[in-house]
Amino acid sequence: MAGAPDGGTVLSEKMLAARFAEVVLPHLGDALSLARWLTGNQADAEDVVQEACLKAHAGIAGFAGGNARAWLLTIVRNASYTWMARNRPRSVVAVGDLADLDDVSPPPDNDADSPEAALIAKANSAAVEAAIARLPQAFRETVVLRDINGLSYREIATMLGVPQGTVMSRLARARGLLMTELGGRHHEPA
């Protein structure tokens, strides 16, 4: 470490690279997943994550510790919206590249190894993915951050710049919309 003009210390390039590898690289899968949900497709998500990594690398010296995953996902979220504002007309609505849920789906039951069970599970997963993609942006973003990326209400509130109560409200409304769309109403016997 060398002395900085303001009396602080400057991290060497080697130390910055090591910190980047420790803080950012373990969460690239989550970053790509979030970018896919926000941009709507894999190619755009890769561009966004590349931009986000450049920003994270530039700001790694200022990372004060805490939840590295939430820090990176905040950068990805901001990079996604900046990228979409630059590259898409406002009238375009992304519906999502929905392969992400395959990565977070529970492992199949051993009892459900039949082709019929596999087909039903795939149809259910596709229905959930499509329903999430049709949610309004604020709701979709909140569901993806909480239920897919597993961030806390506090982390999401900080990331989105809204109160925690707003996060909880959006999540409840989003889940309600999903349940309604997916037939979450109770089935009564005939």
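The values are calculated or read from the model by the stated rules, or taken from the named source; none is laboratory data. Because the structure is predicted, anything quoted here is derived from the model rather than measured. With ideal geometry, Cβ positions are generated from the backbone for all residues, glycine too; neighbour counts draw on all protein chains shown. Please note that ligands, DNA and RNA were not included when accessible areas were found on the heavy atoms of the full protein model with its side chains. Shrake-Rupley method; radii C 1.70, N 1.55, O 1.52, S 1.80 Å.
Across all directions, the average projected area of the convex hull around the alpha carbons of the range 37-94 is 4.1 nm². Among TRP71, TRP83, the order of accessible area from largest down is TRP71, TRP83, computed with a 1.4 Å probe on protein heavy atoms. Qualifying trypsin sites (Lys or Arg not before Pro) in the range 42-94, where qualification requires a DSSP coil assignment and no more than 16 other C-beta atoms within 10 Å, comprise ARG90.
Amide H contacts under 5 Å for ASN41: ASP97, restricted to partners 5 or more places along the chain or on a different chain, H placed in the peptide plane at 1.01 Å from N.
Coupling constants for the range 164-176 follow from the phi torsions by the Karplus curve (6.51 cos²θ - 1.76 cosθ + 1.60, θ = phi - 60°), and in residue order they are 4, x, 5, 4, 4, 5, 4, 5, 5, 5, 5, 5, x Hz; glycine and proline get x.
To the nearest 10, the accessible area of ARG134 is 150 Å² with a 1.4 Å probe.
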